Amino acid sequence: MPRAGTLPTVLTGVFLTILDFFIVNVAIPAIQRDLHAGPAAIEWVVAGYGLAYGSGLVLGGRLGDVLGRRRMFAAGLALFTLASIGCGLAPGAGALIAARVAQGLAAAVLAPQVLAILRTAYSGPAQARALNAYAMTMGLAAVFGQLIGGLLIQADLFGLGWRACFLVNVPIGVAALALTRRVVPESRPGASVRLDLGGAVLVTLALVAILLPLIEGREQGWPLWTWASPVAAVVLFAAYAGRRHSSPLIDLTLFRERAFTAGLLTQLAFTMGMSAYFLIFALYVQDGVGLDALQAGLIFAPIGAGYLAASLLAPRFVAWFGRQAIALGGLIRAAGLVAMLAVVASGAAVGWLTPALAVDGFGMGLALAPIMGTVLARVAPQQAGAAAGVLTTTQQVGSALGVGIVGIVFYGSLPGGVSQAFQHGLIYLIAIGLAVAGLVQLVPRAAGVRTRVKEESIA
């Protein structure tokens, strides 16, 4: 049974893993100067974390099913904290890249346990509130990552400069780790579940083959290997599907549940618009408008306010509208982005974006928690870790895919100016919002689903 401190303790873990995706963005210029790092090294400071994180999530989730979710949460949190020390004390670019890869691997072990713990420790209305708090935490970490980074660099605590962006994880991680054994319940399905090592190798290699070209392709000019890599991923996944194991890494019967599969597709579309949006908006306000790192972080505040408000109201919207709450979130996002497009096209001052940013944030918050609830609603407890690994992997693949696509759109339009490139990127993002509203219609409208969602979401 969960205790009073269970939820904030496990949510601390997901906050740190998402924060470290975004906080590094504002630290890059200072890292480049201090470590004399070239463009390729800086690229791998960012990409190394994302690649290790995304490719290890399915295995990390299954390790929780086999060895215990609290145990693997604690192991991931401890490794993440140690890797953060390595990042903060790195004497050179090579050491920083290695520590960032270690951070990503730790995040891959830690992150799936959070959803699995919430899925198994809570039930009924408490589970719905816990999933909503998870979505709120994830969104706020993404929205405010650059603001926190800007504040830390500007404050220059103890002369640490950019290193504070990594070392700030240490006291938080230590405190969460001290609480984990006391307040987080252990759960595992039983001795019958074993780790499928052969399947783990195949799936991990397949995910690397998907993610690596998405992360590196545009910077490398899309060489031949970036086109061959997805083909290799298909072959590896096919090899995995053709295997037999008593405890498969991914139980393919999960995908027979229409709510799970349709929810994953909706989640994929949603995340294709999240990281892509934060990337091009940060580029627009810094390179196009001329804001510094702290000012650029502050401009994200209206998005955070809208996201927080929607996260608090999302359970009621789900109670009223069921799956259409997700569609409404996608449409509200699209409306906010259309308003942003109009302001940017008019050449108005950046301050006029504030209402549109708040609307966009509201749409994000309204859609995210119900999507995750839909994906996990009918998953058996013994599959909670594996399903959470698939869900978080889908999020990372969607983020990488969205960044890859929007990078082609944005940088392809850059000769016409940053403003024009941003406008073209917004058109892509508007289409993503509409796609979310359309894909959620694939989720079944079983009579019991709406009733259950309503019962779990109210209060």
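Each value in this text was obtained by applying a stated rule to the coordinates, not by laboratory testing. Worth saying up front: this structure is predicted, and the values here are computed from it rather than measured. In this analysis, Cβ positions are derived from the backbone assuming ideal geometry, glycine residues included, and neighbour counts consider all displayed protein chains.
Odds and ends about this structure:
- Each peptide in 156-166, 426-436 receives the mean, over its residues, of other Cβ atoms within 10 Å, and ordering these scores from highest gives 426-436, 156-166.
- Difference of contour (0.36 nm per residue) and Cα-Cα distance, Glu219 to Thr261: 11.9 nm
- Segment 133-149 and segment 219-276 have Cα centres separated by 26 Å.
- FRET efficiency for Ala309 and Leu82, using Cβ-Cβ distance with R0 set to 30 Å, rounded to 0.05: 0.25
- Packing-based ranking of 129-142, 76-89 yields 129-142, 76-89, ordered from highest to lowest mean Cβ neighbour count within 10 Å.
- Estimated purely from DSSP H runs of n ≥ 4, each contributing -39500 (n - 2.57), the mean residue ellipticity at 222 nm for the chain is -27500 deg cm²/dmol once divided by its residues.
- As a rough guide to protection, the peptides 383-393, 270-280 ranked by mean Cβ packing within 10 Å, highest first, stand as 383-393, 270-280.
- Stretch gain in nm, segment Val234-Ala30, where the contour uses 0.36 nm per residue and the Cα spacing is subtracted: 69.5 nm
- A crude spin-label estimate for the pair Leu67 and Val174, with each label 7 Å from Cα along the Cβ direction, gives 2.4 nm.
- Inter-label distance, Leu434 to Ala349: 3.3 nm, where each label sits 7 Å from its Cα along the C-beta direction.
- Efficiency of FRET between Arg181 and Ala241 - r from beta-carbon atoms, R0 35 angstrom, step 0.05: 0.35
- The modelled label-to-label distance between Arg445 and Ala4, using points 7 Å beyond Cα along the C-beta direction, is 4.5 nm.
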